[in-house]
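Worksheet: one structure, shown below.
The values are calculated or read from the model by the stated rules, or taken from the named source; none is laboratory data. Note that the coordinates shown come from a computational prediction; the quantities given were computed from them, not determined experimentally. Because the Cβ atoms are built from the backbone with ideal geometry, glycine has one as well, and the counts that use them run over all protein chains shown.
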Amino acid sequence: MASSTFAFDNRRQSRRFGTHHPAKIVLGPDAMISCMVKDISTGGARLAVNPQMDLPESFALFIAAHDLQVRQARICWRNGGFAGVAFSDAEAPPSVHAPQPSSFEEFLDQAVLPAHLAAPARKDLKLYSKAA
């Protein structure tokens, strides 16, 4: 038994890491299937899916981890509620990171004010003298 497990593990080109990340299998612009990434490597992943759900041969896989990863995947095997996929993109694409929160002052510095709300330049100020 141990030798078959060893042989099975040797087929992998890269080490897999156990995860529990929610993911979406993209079927089209408005159609997705929810699944769970159970383990992942640079070359593929094992997905927990609804056993009654038919899956396309290849698809985009959105993985919500610490950042959002979008990978092109193809089905390698299917066994009940699990499916093994290989990533067909040669290397992992850059992740999509959420913007970092900034201070309110930084936000104000970057804001573009309409001309009528902006503070006038000193040269544009009119000086009034007090009438006695």
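Given Pro22, Pro29, Pro56, which one is over 15 Å from Gly81 (Cβ atoms) and free of Cβ contacts under 8 Å to residues at least 12 places away in the same chain? Spell out how you get there, then give the answer.
Numbers: Pro22 fails: free of Cβ contacts under 8 Å to residues at least 12 places away in the same chain; Pro56 fails: free of Cβ contacts under 8 Å to residues at least 12 places away in the same chain.
It is Pro29.
Out of curiosity, is Ile63 touching a Cys at 6+ places or on another chain (Cβ under 8 Å) and in a strand (DSSP E or B)? Before you say what the answer is, go through the steps one by one.
Details: touching a Cys at 6+ places or on another chain (Cβ under 8 Å): no; in a strand (DSSP E or B): yes.
In short, no.
Mind checking whether some residue in segment 18-41 is at pLDDT 90 or above, exposed (fewer than 10 other Cβ atoms within 10 Å of the Cβ), in a loop (DSSP other than H, G, I, E, B) and out of contact with any strand residue (DSSP E or B) (no Cβ under 8 Å at 6 or more places or on another chain)?
no
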